[in-house]
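This report concerns only the one structure given below.
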């Protein structure tokens, strides 16, 4: 969205102010979030010059932009959920297998006895310790019955 003049304040100036006032509408990288985008759009409509209103095409373009951002956010959330589910399935398939892993600078090995989900991330339970899957360097085939 290009900077526009809203009541004597450009949208880029308003965005900068939102980034520094701690309202929580801007993410940590300083980019506008959905709430800030909507607030700027409402302010633009509220303070527009009645003799020179926003053109319909501009308003439709801004609305379409918001819809695209909203859908991309939804897709990103779905991808994160699917990724976490895939990791959990991968971790659960390792139960009963012998793994070699690094912990505290030492290379250890043991049988995976279970999986624990901590903050949505699967951790392997090995020999009384909870280890991150990224610490695993080798997975041996499960023993045959």
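Remarks
- Taken together, 74, 70 contain a single residue that is in contact (Cβ under 8 Å) with a residue 12 or more places away in the chain, in the same structural domain as residue 36 (by TED's automatic domain parsing) and either within 30 Å of residue 35 (Cα to Cα) or outside any loop (DSSP other than H, G, I, E, B) (or both), which is 70.
- Once segment 77-121 is narrowed to residues that are part of a loop (DSSP other than H, G, I, E, B) and surrounded by fewer than 14 Cβ atoms within 10 Å (Cβ to Cβ), the residue that is farthest from the chain's Cα centre (by Cα) is 96.
- Among the residues of segment 133-145, those that are surrounded by 14 or more Cβ atoms within 10 Å (Cβ to Cβ) and assigned to a strand (DSSP E or B) comprise 136, 139.
The values are calculated or read from the model by the stated rules, or taken from the named source; none is laboratory data. The structure presented is a predicted model; accordingly, all values stated were derived computationally and were not measured. Glycine gets a Cβ as well: all are built from the backbone with ideal geometry, and neighbour counts include every protein chain shown.
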